[in-house]
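The values are calculated or read from the model by the stated rules, or taken from the named source; none is laboratory data. Note that the structure is a prediction, hence the values are computed from the model and not measured. All Cβ positions, even for glycine, are placed from backbone atoms using ideal geometry, and neighbour counts span all protein chains on display.
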Amino acid sequence: MSFNIFKCKRFFYFSIFLLINFIISSSNALSNTKEPKQSINGSGLKIPRIVSLKTSLTNMRSGPGKEFPIKFELKQKGHPLKIIAEYNNWRKVITFNNISGWVHTQLLSSVRTGLITKTTFLKKIPSKSSNSVAKLLPNLLIKIIMCRENWCKIEIVKSKVYVGWVQSETIWGSTKN
């Protein structure tokens with residue numbers, strides 16, 4: 001009789017072992033079906049996010065490494081880019097014109113910049129009825145100081161420094177893009 005109890009205990013423990021393994025393996029299988037990883041050994045920062053170029057000449061490559069061919073040259077310091085994926089020290093970025101490629105992190109800056117997407121007016125205060133400071137044309141590079149609700153405070157440095165407010169919907173690179 002003690003032999004039968006031993007068999008039953010062994011069968012019971014073996015059944016529990018199989019059940020636990022089934023639960024663990026099925027949860028792992030389900031977790032892999034949710035979303036593909038956007039970051040492999042990356043920074044851990046939010047994706048997507050906006051960054052800007054540190055230098056006036058940056059090579060965008062077809063893959064995450066110097067062995068990949070140059071796909072495109074970016075030639076404007078401060079130009080905003082959207083990070084859409086990470087791989088070690090490389091960031092997959094996309095431009096306002098939907099050109100995508102890989103850029104090394106040493107060539108990127110966290111300085112917030114943006115591009116004006118359509119003709120708009122720079123306002124003294126964040127209100128449509130506010131006085132205009134300047135007329136802004138599409139593709140103008142701006143520095144974003146801060147955004148709140150539907151307005152962003154920006155700075156433009158030309159022959160003179162202009163500071164004011166524009167609606168965030170007119171900026172590619174604001175927090176909503």
Right, Ile125: part of a strand (DSSP E or B) and not acidic (Asp, Glu) or not?
-> no
The residue that is surrounded by the fewest Cβ atoms within 10 Å (Cβ to Cβ), considering only those in region 48-77 that are among the β-branched types (Val, Ile, Thr) and under 11 Å from Trp102 (Cα atoms), is Ile70
Hey, does region 52-61 have a residue that's outside any strand (DSSP E or B), within 26 Å of Lys153 (Cβ to Cβ), basic (Lys, Arg) and touching a helix residue (DSSP H, G or I) at 6+ places or on another chain (Cβ under 7 Å)?
-> yes
Gly42 vs (1) surrounded by 17 or more Cβ atoms within 10 Å (Cβ to Cβ); (2) closer than 29 Å to Trp165 by Cβ; (3) modelled with pLDDT under 90: all pass except (2)
Quick check: is even one residue across region 166-177 more than 21 Å from Ile83 (Cα to Cα), touching an Asp or Glu at 6+ places or on another chain (Cβ under 8 Å), surrounded by 12 or more Cβ atoms within 10 Å (Cβ to Cβ) and not small (Gly, Ala, Ser)?
-> no
Here are Lys66, Lys82, Lys77, Lys46: which of them is among the charged types (D, E, K, R), within 22 Å of Leu140 (Cβ to Cβ) and part of a loop (DSSP other than H, G, I, E, B)?
-> Lys77
With (1) farther than 24 Å from Lys77 by Cβ; (2) assigned by TED's automatic domain parsing to the domain that holds Ile84 as the list, and Val103 as the residue in question, which single condition is left unmet?
-> (1)
Hits in region 52-105 (condition: in contact with a strand residue (DSSP E or B) (Cβ under 6 Å, 6 or more places away or on another chain), in contact (Cβ under 8 Å) with a residue 60 or more places away in the chain and not hydroxyl-bearing (Ser, Thr, Tyr)) = Gly78, His79, Pro80, Lys82, Phe96
Members of region 131-161 found to be of a type outside the set (A, V, I, L, M), surrounded by 15 or more Cβ atoms within 10 Å (Cβ to Cβ) and out of contact with any Gly (no Cβ under 8 Å at 6 or more places or on another chain), listed by number = Cys147, Trp151
Check on Lys143, under 23 Å from Asn41 (Cβ atoms) and either outside any loop (DSSP other than H, G, I, E, B) or over 19 Å from the mean Cα position of the chain (by Cα) (or both) | no
So Pro80, is it surrounded by fewer than 13 Cβ atoms within 10 Å (Cβ to Cβ) and either modelled with pLDDT under 95 or of a type outside the set (Ser, Thr, Tyr) (or both) | no
Of the residues that sit in region 83-97 and are under 26 Å from Thr170 (Cβ atoms) and in contact with a Lys or Arg (Cβ under 6 Å, 6 or more places away or on another chain), which one is surrounded by the most Cβ atoms within 10 Å (Cβ to Cβ)?
-> Ile83
